Amino acid sequence: MPKATIVLFSGDLDRAFAAFLIASRAAAEGWDVVLLFTFWGLSVIRDPNKKAPQRKEFAPRMFDMMMPKGADDLRLSRMHMLGLGTSMVKKRMSAKRLLTIREMIKEAKEFGVRFYACTVPMEIMGIQREEIIDEVDEFCSVGKYLEEAKDADVNLFI
């Protein structure tokens, strides 16, 4: 079975869309797919309805305020234009009956894509496991990702 690993480093709507599109298509075609969320990509898997069980220090509180609060809060990497560009793209996606990022997460899981959350950036940014969506399969270090990537036919960094 072919294998793909994808690192989602970005928390941008368009880049997340590309990562999920590739991951789901590959998984639907029978590929073994691992999607690692790291640094800004962790925004995609934050659950806006979950709160940290412990009070955070100053720097992690600042990250909380500045980072998107989950898949529905992502914005474009270019042409955001104070929200107008992002709004236009989301409306076009809806008009074309494309899935939202939240729906793409569910679809990817249905196809068997494995989600990994990188723990070192989580620690740096003060993101706690309890704040992450339930669809994440594993919290791991980059070593676990490298184990997966060494045998992969395709490795992508988005």
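Please state which one of Ser43, Ser87, Ser77, Ser94 is surrounded by 12 or more Cβ atoms within 10 Å (Cβ to Cβ), hydroxyl-bearing (Ser, Thr, Tyr) and out of contact with any strand residue (DSSP E or B) (no Cβ under 9 Å at 6 or more places or on another chain).
Ser87
Which of the residues belonging to the stretch 1-15 are without any contact (Cβ under 8 Å) to a residue 40 or more places away in the chain and in a helix (DSSP H, G or I)?
The answer is none; no residue qualifies.
From the list Glu103, Glu29, which residue is closer than 18 Å to Ile132 by Cα and without any contact (Cβ under 8 Å) to a residue 60 or more places away in the chain?
Glu103
Need the failing condition index for Ala59 against (1) under 16 Å from Arg15 (Cβ atoms); (2) out of contact with any helix residue (DSSP H, G or I) (no Cβ under 7 Å at 6 or more places or on another chain); (3) touching a residue at least 60 places away in the same chain (Cβ under 8 Å), just the number.
All conditions are met except number (1).
How about the stretch 84-158: which helices (runs of 4 or more DSSP H) wholly inside it have at least 1 residues that are in contact with a His (Cβ under 7 Å, 6 or more places away or on another chain) and hydroxyl-bearing (Ser, Thr, Tyr)?
84-95
Could you list, ordered by first residue, the pairs with Cβ atoms under 8 Å in which the first is in the stretch 63-77 and of a type in the set (Ser, Thr, Tyr) and the second is modelled with pLDDT of 90 or more, at least 6 apart or interchain?
Ser77/Ser10; Ser77/Asp12; Ser77/Leu13; Ser77/Asp14; Ser77/Arg15
When you check Pro53 against the structure, is it modelled with pLDDT of 90 or more, in a loop (DSSP other than H, G, I, E, B) and either surrounded by 15 or more Cβ atoms within 10 Å (Cβ to Cβ) or more than 12 Å from the chain's Cα centre (by Cα) (or both), yes or no?
Answer is no for this residue.
How many of the residues in the stretch 77-120 are more than 13 Å from the chain's Cα centre (by Cα) and either under 28 Å from Met62 (Cβ atoms) or of a type in the set (Gly, Ala, Ser) (or both)?
Number satisfying all stated conditions: 18.
Could you list, ordered by first residue, the pairs with Cβ atoms under 9 Å in which the first is in the stretch 120-135 and farther than 18 Å from Val34 by Cβ and the second is of a type in the set (Gly, Ala, Ser) and modelled with pLDDT under 95, at least 6 apart or interchain?
Listed pairs, sorted by first residue: Ile124/Ala59; Met125/Ala59; Gly126/Ala52; Gly126/Ala59; Ile127/Ala52; Gln128/Ala52; Glu130/Ala52; Glu131/Ala52.
The values are calculated or read from the model by the stated rules, or taken from the named source; none is laboratory data. This one's a predicted model, so the numbers in the text were calculated from it and none came from an experiment. Here the Cβ is made from the backbone with ideal geometry for all residues, glycine too, and neighbour counts use every protein chain on show.
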